[in-house]
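Below you'll find the structure, written out as structure tokens, and then a few comments.
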Amino acid sequence: MKKNLLSLCLSLALTLGAPLAANADTPANVSIAPAISASTLQSLPWQPLVPPVSQDVKLDNVSPQINQGDIQGAIAAYTLPADRGSLEVTLSSISKNNSIYAPSVLVLDEHLRPAAYYPSSYFPYQPPGAMSSDRLEGTLKLTPALGQKQIYLLVYTTRQDLAKTTQLTNPAKAYAQGVGNAVPDIPDPIASHSTSGTIKLKVTAEQGSGNIMIGMLQPAPAATPVVVGSTAAVAAAPAPVPSKPAEPMLNDTETYFNNGIKQAVKAGDIDKALKLMNEAEKLGSTTARETFISSVKGKG
């Protein structure tokens with residue numbers, strides 16, 4: 001226990017209060033996502049996906065459509081369970097006949113409020129492999145907040161992306177690279193972006209925390225994890241039952257964890273605050289949950 005606590009303390013000393021750096025794995029600020037009316041969202045035929053699941057979807061003229069603002073053409077709309085732990089969603093858009101659907105993804109909380117936005121740049125081109133085709137592909141890691149039943153995932157393309165193209169890898173080049181031959185000096189095909197296409201979704205549930213918390217506070221700045229929604233679900237959540245009785249925590253240790261929770265919430269790092277709360281309760285804390293709830297309410 002002492003070794004684990006020391007490791008946690010060292011980790012906190014290095015990372016507490018440090019903002020999350022923006023990079024290719026970070027979603028864009030949800031405020032720049034194309035606006036979609038509430039009535040449009042409510043009218044969509046949301047299809048439930050229960051992990052683990054893998055699904056191929058053909059988007060065409062008979063698929064649900066949104067032609068509103070910057071959004072154009074066929075879309076895919078899904079609900080994901082919020083009681084399975086963290087969710088990992090891999091989205092692939094497959095090239096066919098030198099045409100490809102450039103996806104963007106909007107994630108919404110239980111009340112259909114935007115929570116995270118993944119523009120098409122989040123799904124870069126991946127060359128063909130032995131078991132895969134040319135594709136645009138990216139992986140989303142999401143953590144639904146406590147108390148929700150489901151969250152929503154909307155896949156669409158935009159007018160801006162329809163004006164662009166994607167350079168593919170010539171099949172002869174891909175083959176040569178795969179078998180170790182000299183790569184021929186031949187041109188690569190160009191795929192136009194289309195309002196239709198084929199996408200693949202693979203959804204798995206994990207017990208560990210994902211990168212994006214869905215459904216708790218108001219949107220955080222772009223440099224911090226995206227967190228939206230109401231704190232009521234957190235306050236109403238039942239306290240976890242320890243797997244075995246824990247001895248009462250020493251006052252100094254209790255204070256250490258409570259201060260860490262407060263600082264993490266203040267910095268907008270709700271994921272870290274939750275981890276600290278859970279770890280403290282495993283070690284016998286009787287005040288960590290109360291500290292977490294009061295800190296979140298004070299920030300909300």
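Computed from the coordinates by the stated procedures, all read-outs in this text should not be read as laboratory data. All values derive from a computational prediction rather than experimental measurement. Using ideal geometry, Cβ is built from the backbone for each residue, glycine included, and neighbour counts are taken over all protein chains shown.
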Checklist entry - So how far apart, in nm, are the two label points at ASP60 and SER31 if each is 7 Å from Cα heading toward Cβ? => result 4.2
Checklist entry - In units of 2.2 N^0.38 Å, what is the alpha-carbon radius of gyration of segment 134-178? => result 1.91
Item to check | Scattering curve values for segment 60-137, log₁₀ I(q)/I(0), Debye with Cα scatterers, q = 0.18 Å⁻¹ | outcome: -0.94
Item to check | Computed label-point distance, nm, for sites VAL53 and GLU279 using a 7 Å Cα→Cβ extension | outcome: 3.5
Checklist entry - Any idea what Rg and Dmax come out to for segment 106-173 if you just take the C-alpha atoms, in Å? => result 16.0, 52
Checklist entry - If you stretched the chain out fully between THR255 and ILE186, how much longer would it get, using 0.36 nm times the residue separation minus the C-alpha to C-alpha distance? => result 18.3 nm
Checklist outcome for this item: In this structure, the FRET efficiency calculated for SER132 and LEU112 from their beta-carbon separation, with R0 = 41 Å, to the nearest 0.05, is 0.75
Item to check | In Hz, Karplus ³J(HN,Hα) per residue of segment 86-98 (6.51, -1.76, 1.60; θ = phi - 60°; x = Gly, Pro) | outcome: 5, 10, 10, 10, 9, 10, 10, 10, 8, 7, 8, 6, 6
Item to check | Label zone at VAL179 (point 7 Å along Cα-to-Cβ), backbone N below 15 Å, segment 93-137 | outcome: 130
Checklist outcome for this item: Here the gain from full extension of LYS266 to ARG159, 0.36 nm per residue of separation minus their alpha-carbon distance, amounts to 34.7 nm
Item to check | Difference of contour (0.36 nm per residue) and Cα-Cα distance, ASP83 to THR40 | outcome: 12.9 nm
Next on the checklist: Which of the three applies to segment 19-176, rounded, prolate or oblate, going by the alpha-carbon gyration tensor with a ≥ b ≥ c and a/c under 1.5 meaning rounded?
Outcome noted: prolate
